[in-house]
Amino acid sequence: MKVLKLLPVAYGIAALLAGSALAAEPARIDWSKVPASSLTLFYPGQSTYEWLRSKGHGGASKVAQGTACTQCHDESDAEQEKGDKLVKAGALEPAPVTGKNGSVKLNVQAAYDDKNAYVRVQWKTQNPFPGTEHQYLRFDGKEWKVYGYPKLDKVVQDGKQPGIYEDRFSIMIDDGKVKGFAQQGCWLTCHDGQRDSRNQFTKEEVAANPLLNAIKKTDVRKYLPDTRVDPSDWKTGKSVEEIAKLKADGKFVDLIQWRAHRSYPVGMADDGYVLEWRLSDAGKDMFASNADPKTHTPRFMWDEKKTGYKSINADQLRKGEHFLVREKNAVPFDPNANWKEGDMIPDYVVSREDAKGSAADNNAIADWKDGVWTVVLVRPLGLANPDDKTLKAGGVYNVGFAVHDDNITTRGHFVSFVKTLGIGAKADIQAVKLP
Ligand code: HEC
């Protein structure tokens with residue numbers, strides 16, 4: 001991939017054997033000269049679009065009219081208080097995670113040059129180690145089964161599985177075309193019925209749903225209100241033709257996720273968007289399932305010649321980095337390699353070389369040091385794909401930030417109220433032009 005060479009990055013010692021970090025930030029940028037904003041991201045519990053418009057929420061009628069959240073929820077330490085309250089058992093949290101933080105401070109800086117926008121974020125992880133582990137395939141003596149689940153899952157809360165899930169940093173971007181996003185941000189996409197949400201979907205409901213059948217999906221994820229006849233009912237999807245029209249009119253939001261296991265080892269962030277579902281951009285992601293859909297055995301294992309091992313076991317978790325990178329340290333799985341109970345191979349295989357098209361637009365350089373993740377997202381300016389928001393000099397965008405910390409997924413993140421990001425233009429977060 002040529003794009004790597006364009007990056008202002010010191011890749012030097014990156015030398016991935018076990019797929020270690022692509023260390024070093026964009027070396028050319030002196031971040032000490034770039035203004036920083038400190039945001040408080042808070043745990044939202046199940047504060048869905050529908051809950052916000054229900055009797056349970058003090059601001060319901062105003063929210064229904066489209067009033068901005070920050071009209072009532074100010075920028076002081078209220079976010080921290082809200083998070084501390086919402087992370088505990090209560091009306092908006094039926095499955096509290098013991099000991100979880102209620103909020104996280106996110107330091108945000110932004111810059112741009114002729115080619116790219118650079119968004120640098122930093123946050124302190126709750127754990128004294130980075131969340132680079134993700135789920136495994138584990139041999140139980142007979143079969144390979146998924147090992148490790150996110151901490152909102154019942155199997156983890158019941159102590160039947162360990163909590164294992166990657167850290168993530170996400171940014172949602174609107175260019176002003178999505179009605180209400182400037183006022184209510186990410187909350188437009190978060191609905192009852194979704195995974196881990198209030199009234200979570202049933203398999204039968206999904207199987208009977210015309211829209212989800214048409215787009216071949218087996219669960220309910222983020223969607224924008226305009227894609228449903230009744231925005232508060234995920235089952236009332238519009239036709240694929242109507243949704244295609246919304247997409248052509250730019251009425252979707254971009255969703256970029258930097259993933260500490262599935263994109264970090266190859267210096268990338270994924271590229272997706274939210275419209276009728278949380279979708280990946282066209283092309284191919286930098287990560288893929290490592291389970292053979294027919295046999296459920298792994299597709300790849302570590303290349304012992306490069307790593308010194310074919311698999312790990314639970315004792316090695318959190319000790320070093322355990323990325324399976326197709327072009328660096330992986331070989332096809334050998335079913336006759338004398339596997340023993342407890343052998344573990346990552347459930348995902350990562351590849352920069354295999355990532356293609358619009359899904360492969362975003363690079364990211366990250367580093368975890370002294371308990372803090374620093375991620376520099378590199379987003380090309382001027383993208384013209386039909387599933388991208390085009391960033392350009394002079395543009396102002398509505399953005400929402402999220403951090404998934406401590407082995408969690410779905411709504412178990414910390415989120416921000418909507419902010420503006422200006423590429424050399426006046427905004428809450430102003431990307432400065434690099435010399
Ligand atoms: C018209 C004012 C108003 C608006 C607009 C408003 N809220 Fe609220 N919100 C309230 C009040 C009042 C409460 C209850 C007081 C409290 O507990 O802090 C509340 C509580 C909450 C809570 C629960 C916090 C807790 O402490 O229990 C969340 C989460 C929340 N609002 C999110 C939002 C979001 C997201 C938006 C924008 C989509 C929004 N609110 C818009 C007035 C408003």
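The values are calculated or read from the model by the stated rules, or taken from the named source; none is laboratory data. It should be emphasised that the depicted structure is a prediction, and the values quoted were computed from it without experimental measurement. Cβ placement follows ideal geometry from the backbone for every residue including glycine, while neighbour counts extend to all protein chains displayed. Areas reflect the complete protein model, heavy atoms only, side chains present, ligands, DNA and RNA absent. Shrake-Rupley method; radii C 1.70, N 1.55, O 1.52, S 1.80 Å.
Structure summary
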item	result
Residue count for the stretch 130-146, restricted to those that are over 15 Å from N290 (Cα atoms) and open to solvent by 60 Å² or more (accessible area, probe 1.4 Å)	1
Criterion (more than 30 Å from D140 (Cβ to Cβ) and buried (at least 18 other Cβ atoms within 10 Å of the Cβ)) met by exactly one of P210, P298, P231, P265	P231
Members of the stretch 74-92 found to be within 8 Å of the ligand (Cβ to nearest atom) and open to solvent by less than 80 Å² (accessible area, probe 1.4 Å), listed by number	A78, K82, L86, G90, L92
All positions within the stretch 411-426 that are open to solvent by 20 Å² or more (accessible area, probe 1.4 Å) and either on the phi > 0 side of the Ramachandran plot or part of a strand (DSSP E or B) (or both)	K419, T420, G424
Matching residues in the stretch 176-199 - criterion: being over 20 Å from the mean Cα position of the chain (by Cα) and either small (G, A, S) or surrounded by fewer than 22 Cβ atoms within 10 Å (Cβ to Cβ) (or both)	G176, K177, K179, G180, A182, Q183, R198, N199
Enumeration of residues in the stretch 110-129 that are open to solvent by 10 Å² or more (accessible area, probe 1.4 Å) and in contact with a helix residue (DSSP H, G or I) (Cβ under 9 Å, 6 or more places away or on another chain)	K115, N116, R120
Qualifying position, being closer than 30 Å to T227 by Cβ, more than 16 Å from the ligand (Cβ to nearest atom), modelled with pLDDT of 95 or more and among the small types (G, A, S), among A64, A36, A95, A60	A95
Within the stretch 45-73, considering residues that are farther than 15 Å from H191 by Cβ and of a type in the set (A, V, I, L, M, F, W, C), the one most open to solvent (accessible area, probe 1.4 Å)	C72
